[in-house]
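The next block holds one structure in the form of structure tokens; read it before the comments.
What follows draws every value from the coordinates through simple rules; no lab data is involved. Here the structure is a predicted model, which means the values were calculated and not measured. Here Cβ is always computed from backbone atoms with ideal geometry, including for glycine, and neighbour counts include all displayed protein chains.
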Amino acid sequence: MAEGPKFPATAPRDHIEQMRRADHIRFTALGDSATYGLGDPVDRGWRGWARLLADAMATAHHVSFCNLAIPGATMREVRNVQLPRALEHRAAIVSLVIGLNDVMRATWDPVSFRDDLLHCAGQLTDSGAVIMTARFHDHGRVFGLPRWLSRLMAARIEDLNRIYDEVHERYGMLRIDLGDDPATYDRDFWFVDRLHPSEYGHRRLAARVATLLNDEGLDFEPPSTTCTAVRPSGLRDAHVVVSQAAPWVARRLWDLTPSAVRLVASNTRPSLV
């Protein structure tokens, strides 16, 4: 994966100071199924990296956690549905990780995505929130996609990361780079569907974000990366793949094939211009 431009991973200083001084920290999570917690099953549903992070913060601070992430969400849904609720929560810390459901569709529109992300980042910054986000990794490498389709995915992820780079430079956000972490490409990082982080993947994400907050002066012990759940059986693995992952991948392949064919035929790549 090509290395993107480096910007100072720092939020506005007044927002950081407000976060440090707060005796009651409001944390809101925006995004899709990865932030919702899929891949990290618990007795009553799904947990995920955002909940693990909130629980870790709560060992040293009073925390109000609101997870607004929805499986299947796109950037437009974050702007129209999740953002208003996040602003109502008046969060000091907001995570904003979104984009996979956009780039995996035939309707991918980088210009509209950029406009929506800039709007969300501007609104959250104006509210005084410290924003946490990510640069994305090579999803085609994780999925094991054929080369002709991986090429399209890589081009779209490159556009997606370039948009996040611009927003990061303009507003300042704390962020992790998934492509820079070798663990991202380890099998253990992923749930059986390879679409969502496993318990270990969620724990590693939570620990990395916790380190960012620690570096900004928010004192608490990062969550452990040691897994506590029993790994699913082979039979359960097969059930998940057949009932959940395979239909989703089939729909996305159907969506992406025409664009991939045009890309190969033209020997060009999509552009933000």
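Spatial offset of the stretch 153-186 relative to the stretch 70-112 amounts to 15 Å, using the alpha carbon center of each.
For Cα pairs less than 8 Å apart in space and 6+ apart in sequence, what is the mean separation divided by the residue count of the stretch 13-266, i.e. the relative contact order in percent? Relative contact order of the stretch 13-266: 23 percent. Cβ-to-Cβ counts within 10 Å put Cys120, Cys227 in ascending order as Cys227, Cys120, the fewest first. Dipole check for the stretch 13-266: with +1 at the C-beta of Lys and Arg, -1 at the C-beta of Asp and Glu, and the Cα centre as origin, the magnitude is about 660 Debye. Ordered by the number of other Cβ atoms lying within 10 Å of each residue's own Cβ, fewest first, Ile70, Ile163 fall into the sequence Ile70, Ile163. Working note: Cα atoms of the stretch 60-214, range along each principal axis, descending, whole Å: 44, 37, 27.
With neighbours defined as other Cβ atoms within 10 Å of a residue's Cβ, the residues Arg90, Arg135 order from fewest to most as Arg90, Arg135.
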